[in-house]
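One structure below.
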Amino acid sequence: MSKRLVIFNHKGGVSKTTTVYNLGWMLAKHHNVLIVDADSQCNLTSLILGDDFEKYYLDDNTRLDNIKDGVAAAFKGQPVPIAAVNCYSPPSAPTLYLLAGHPNLSEYDAALTFAQTANNALSTLQNLPGAFSELLRLTEEKHLIDFTIIDLNPSLSATNQNLFLSSHAFVIPTSPDPFSIMAINTLQTTLPRWAEWKHSALALFSESAYPLLPGVPKFSGSIIQRFNIRNGRAAKPYRDNIEDIKNKISTDFIQAIKPIGMLFSPDQYGKDLIDDRYCLAEIPDFQGLLPKAYQGRVPVFALTAEDIKESGTVLEAMEGKRDVFAALFAKISDKLTSLLTNA
């Protein structure tokens, strides 16, 4: 069975989509990987499709191959079962598969909210909470997926709750600013509430056509990103905020999610991750590499000299930065692969 990882923080501007994109590409070096765009802005889909983005939603051969139309049968009460989606793979990453987003995905929020709070009183709603998980399962089976990574929008919507709880593990991306601390405060009260709903809902929806995924997702760590480097370390304005985020995660947040089964064992985390207060990596700003990666339709760590289009010391400096990012994402990929096998 494919293992699902959700990248989630209801705070915007923490590079959720960039993390999914880069991490998915790195994992796809050795595995079949499905990346899921559940953000109505469809930025992940745009990154993968590039100039073919609009055509994808207009072409009769692909316009229904997205997350919204994938579950439409359940949400519209159609007498047909949910089916797997034909996913797009970039030519340079044939083992990376995209479940495309849809700008109107939020239309399902109201029905899903009602379905998840109506205690299964209406039979017409009983198949909605498990619909997204069923779409993922069928699509994973179709493409022989090993790992699925889900990109959510920055909100606490019913759809986000549902997809979060349809995963085996989660990562919290953050940026080194005081608002990330505020966001963690919210998550440490919201996520246990979501988990409690899941515990009670498993039996409630056990007879539906699309059962819920058993269990609750486990915390796999945080990523701190979007800061500048000075003399080989985070610039001074960011350092205190990085420390505050690590301290907050390793104390209050861990204690909040521990009672409801959202943690791996200490042995599974490993001494290094615990010692770094559950921070998988500190990722500085991509700076000049990012537009070149977008243009080349590859992650920053896969840029070639031809993609960079520079020479001399400028090229050497950019290649050096590229290699740093390659090492960072390889480290994250290896640790998450290890954790997900235990999820």
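In order along the range 307-319, the phi-based Karplus estimate (6.51 cos²θ - 1.76 cosθ + 1.60, θ = phi - 60°) of 3J(HN,Hα) comes to 5, 5, 6, 10, 8, x, 5, 5, 4, 4, 5, 5, 5 Hz; Gly and Pro are listed as x.
Amide H to amide H distances under 5 Å link Ile283 with Ile224, Gln225, Arg226, where only residues 5 or more positions off or on other chains count and H is placed in the peptide plane. Each residue of the range 327-338 was assigned a 3J(HN,Hα) from its phi angle through the Karplus curve 6.51 cos²θ - 1.76 cosθ + 1.60 (θ = phi - 60°); the sequence is 5, 5, 6, 5, 4, 4, 4, 5, 5, 5, 4, 5 Hz, with glycine and proline shown as x. Spacing of the modelled spin labels on Lys142 and Lys258, each 7 Å from Cα toward Cβ, amounts to 4.3 nm.
Shown here for the range 53-89: trypsin sites (Lys or Arg not before Pro) in loop regions (DSSP other than H, G, I, E, B) with at most 16 other Cβ atoms within 10 Å, namely Arg63, Lys76. Here's the picture: a label point sits 7 Å out from the Cα of Ile274 along the beta-carbon direction, and within the range 328-343 the residues with their amide nitrogen under 18 Å of it are 335-336, 338-340, 342-343. For Asp240 and Glu107, the difference between the fully extended length at 0.36 nm per residue and the C-alpha to C-alpha distance is 43.8 nm.
Taking a sphere under 15 Å around the Cβ of Leu204 and counting the other residues whose Cβ falls inside, with K and R at +1 and D and E at -1, yields a net charge of -1. Normalised by residue count, the chain yields a Cα convex hull volume of 126 Å³ per residue. Among residues other than Ala343 with Cβ under 11 Å from its Cβ, the summed charge is +3 (Lys and Arg +1, Asp and Glu -1). Put simply, the amide H of Ala235, placed in the peptide plane, has neighbours under 5 Å in Asn228, Ile229, Arg230, leaving out anything fewer than 5 places away on its chain. When each of Val14, Val216, Val314 is scored by the number of other beta-carbon atoms lying within 10 Å, the sequence from fewest to most is Val314, Val216, Val14. Counting every pair of alpha carbons in the range 146-301, the share spaced more than 28 Å apart comes to 29 percent.
Summing +1 for each Lys or Arg and -1 for each Asp or Glu among the other residues whose beta-carbon sits under 13 angstrom from that of Ile260 gives +3. Is the C-alpha gyration tensor of the range 29-182 telling us rounded, prolate or oblate? Criteria: a/c under 1.5 is rounded; beyond that, a/b larger than b/c is prolate, otherwise oblate. It is oblate, given that a/c is not under 1.5 and a/b is not larger than b/c.
Here the Karplus curve 6.51 cos²θ - 1.76 cosθ + 1.60, taken at θ = phi - 60°, turns the phi angles of the range 146-161 into couplings of 8, 9, 10, 10, 10, 9, 9, 7, x, 7, 10, 6, 5, 5, 4, 4 Hz, with x standing for Gly and Pro.
Taken together, the values in this text are just the output of simple stated rules run on the coordinates, not laboratory data. Nothing here was measured: the structure is a model prediction, and the numbers come from that model. Backbone-built Cβ (ideal geometry, glycine too); neighbour counts: all protein chains shown.
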